[in-house]
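The values are calculated or read from the model by the stated rules, or taken from the named source; none is laboratory data. Fair warning: this is a prediction, and the values are worked out from it, not measured in the lab. Reconstructed Cβ throughout: ideal geometry from the backbone, glycine too, with neighbour counts over all protein chains shown.
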């Protein structure tokens, strides 16, 4: 099992210290958010809270994921970084491929990519993208990222993206893993068909077997059941070493934890109940080290 946590709602001024601490304490990954801007008003509810409200302040400072990862990669040695999730459906895939290749070069290949559709209509409208075609465009964009980042001259001729032979350099020495986020049936199918893994949101342990059974069924449908595939989940009720081993037996490869939250935080309140807890930097660093000693070291 690998272990990671997300930096959404963490003050960017703390990122470098937190990254160094996690790197030294044996953690495997850090996730960073992608949020180009926050509209004052949105025309659709947020899909991951019971009442559809956004749980963060709209002036929350969120660094561009590629900038944040580059800064943290420079001060660390082994930990991996993951945009989670990059709103690929509102971005131009060739430009994102260039950023991905550049960050892979700077970090020594310590980067993976989580991708998602984006949900705010205003993002699509103001960035000149069609929300109605977001799923189909994301399917093509994932294929383009994989194609371009492997090196050499490539071309692509799809319904939404089209280009003749081109080359991009530098490219990663090893293929960058692309994880697909989302919990809807189309998101699971996208992960099964095009992804190197799946990023869930928050799932109690009791929900994990059914979710992975469905995902594995889809992977068999696409003839990919024998290929390597990562599963990255936040399971707040997986607190003991035995719990974590059970998840590993089910096929979970990466457990997402928020190490500095109170252990009795109710899981039914959602991921926001964990992310909104932001103790001082010293408390965060102590919690990161403690989890490394008490959990990660025992499962190494």
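Taking the condition of being buried (at least 16 other Cβ atoms within 10 Å of the Cβ) and in a loop (DSSP other than H, G, I, E, B), how many residues in segment 252-269 meet it?
Result for segment 252-269: 7.
Could you tell me whether segment 113-128 includes any residue that is under 15 Å from the mean Cα position of the chain (by Cα) and without any contact (Cβ under 8 Å) to a residue 40 or more places away in the chain? Step through it out loud before you land on a result.
Residues of segment 113-128 under 15 Å from the mean Cα position of the chain (by Cα): 113-118.
After this cut, where a residue has to be without any contact (Cβ under 8 Å) to a residue 40 or more places away in the chain as well, the list is 118.
Within segment 113-128 (the criterion being under 15 Å from the mean Cα position of the chain (by Cα) and without any contact (Cβ under 8 Å) to a residue 40 or more places away in the chain), the answer is yes, since at least one residue qualifies.
Which one is farthest from residue 46 (Cα to Cα), of the residues in segment 150-185 that are touching a helix residue (DSSP H, G or I) at 6+ places or on another chain (Cβ under 6 Å) and free of Cβ contacts under 8 Å to residues at least 60 places away in the same chain?
154
Just checking: which of the strands (runs of 3 or more DSSP E) contained wholly in segment 101-197 hold 3 or more residues that are surrounded by fewer than 20 Cβ atoms within 10 Å (Cβ to Cβ) and touching a strand residue (DSSP E or B) at 6+ places or on another chain (Cβ under 9 Å)?
The qualifying strands (runs of 3 or more DSSP E) are 154-157, 162-166.
Please state which of the following conditions residue 248 fails to meet, knowing it meets all the rest: (1) touching a residue at least 60 places away in the same chain (Cβ under 8 Å); (2) touching a strand residue (DSSP E or B) at 6+ places or on another chain (Cβ under 8 Å); (3) under 24 Å from residue 3 (Cα atoms).
(2)
Criterion first (closer than 25 Å to residue 125 by Cα and within 18 Å of the chain's Cα centre (by Cα)) does residue 33 satisfy it?
Numbers: closer than 25 Å to residue 125 by Cα: yes; within 18 Å of the chain's Cα centre (by Cα): yes.
Yes; evaluated as a whole, the condition is true for this residue.
Could you check how many residues of segment 227-245 are assigned to a loop (DSSP other than H, G, I, E, B), surrounded by fewer than 16 Cβ atoms within 10 Å (Cβ to Cβ) and modelled with pLDDT of 95 or more?
In the first step, residues of segment 227-245 are kept if they are assigned to a loop (DSSP other than H, G, I, E, B); the result is 227-229, 235-240.
Subsequent filtering for residues that are surrounded by fewer than 16 Cβ atoms within 10 Å (Cβ to Cβ) retains 227-228, 237, 239-240.
If we keep only those that are modelled with pLDDT of 95 or more too, we end up with 227-228.
The qualifying residues number 2.
How many residues does segment 210-225 contain that are in contact with a helix residue (DSSP H, G or I) (Cβ under 9 Å, 6 or more places away or on another chain), exposed (fewer than 13 other Cβ atoms within 10 Å of the Cβ) and either part of a helix (DSSP H, G or I) or free of Cβ contacts under 8 Å to residues at least 24 places away in the same chain (or both)?
Looking only at that region, the number is 3.
What do you reckon, is residue 3 part of a strand (DSSP E or B), touching a helix residue (DSSP H, G or I) at 6+ places or on another chain (Cβ under 6 Å) and surrounded by 16 or more Cβ atoms within 10 Å (Cβ to Cβ)?
When the stated conditions are applied, residue 3 passes them.
Take residue 35 and decide whether it is crowded, with 16+ Cβ neighbours inside 10 Å and either modelled with pLDDT of 95 or more or under 30 Å from residue 289 (Cα atoms) (or both).
Criteria met by residue 35.
With the requirement that a residue be over 20 Å from residue 284 (Cα atoms) and out of contact with any helix residue (DSSP H, G or I) (no Cβ under 8 Å at 6 or more places or on another chain), what does segment 249-266 give you?
Across segment 249-266, the qualifying residues are 249, 253, 254.
Can you find a residue that is touching a helix residue (DSSP H, G or I) at 6+ places or on another chain (Cβ under 8 Å), farther than 17 Å from residue 202 by Cα and part of a loop (DSSP other than H, G, I, E, B) anywhere in segment 47-54?
no
Test residue 82 against the criterion of being buried (at least 21 other Cβ atoms within 10 Å of the Cβ) and either out of contact with any helix residue (DSSP H, G or I) (no Cβ under 6 Å at 6 or more places or on another chain) or in a loop (DSSP other than H, G, I, E, B) (or both), and give yes or no.
Details: buried (at least 21 other Cβ atoms within 10 Å of the Cβ): yes; either out of contact with any helix residue (DSSP H, G or I) (no Cβ under 6 Å at 6 or more places or on another chain) or in a loop (DSSP other than H, G, I, E, B) (or both): yes.
Spelling it out, residue 82 is indeed buried (at least 21 other Cβ atoms within 10 Å of the Cβ) and either out of contact with any helix residue (DSSP H, G or I) (no Cβ under 6 Å at 6 or more places or on another chain) or in a loop (DSSP other than H, G, I, E, B) (or both).
Would it be correct to say that residue 248 is at pLDDT 95 or above, surrounded by fewer than 19 Cβ atoms within 10 Å (Cβ to Cβ), more than 20 Å from the chain's Cα centre (by Cα) and on the phi < 0 side of the Ramachandran plot?
Judged against the criteria, residue 248 is not a match.
Filter segment 209-236 down to the residues that are over 26 Å from residue 118 (Cβ atoms) and within 18 Å of the chain's Cα centre (by Cα) and list them by number.
Just the residues of segment 209-236 that are over 26 Å from residue 118 (Cβ atoms), to begin with: 209-210, 213, 216-217, 220-221, 223, 225-228.
Passing the criteria: only 228.
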